[in-house]
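One structure is given below, encoded as structure tokens.
Just so it is clear, none of the values below were taken in a lab; they were calculated from the coordinates. Because the structure is predicted, anything quoted here is derived from the model rather than measured. Glycine gets a Cβ as well: all are built from the backbone with ideal geometry, and neighbour counts include every protein chain shown.
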């Protein structure tokens, strides 16, 4: 079985460069007066866009369903079998 975790790590390391190149080619940023700080401010998600990451973890499905029903929210169920970095869930 191939180990894909190395290629994922390499991609994540290169992703800032890829984002810069994509922004330049898309015309959102000029290559002549590129300012990395302004670029990051443009592409970084706002606080409202980051809210989905604030998922409260529960160790009991009963408690999770009870709270979800009270708050009229869905339950996100995540289960893993093995090492999370392997890509197998």
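If the chain linking residue 79 and residue 48 were pulled fully straight, counting 0.36 nm for each residue of separation and taking away their Cα-Cα distance, it would gain 8.5 nm. Model label points for residue 40 and residue 21, set 7 angstrom from Cα along the Cα-to-Cβ axis, are 2.1 nm apart.
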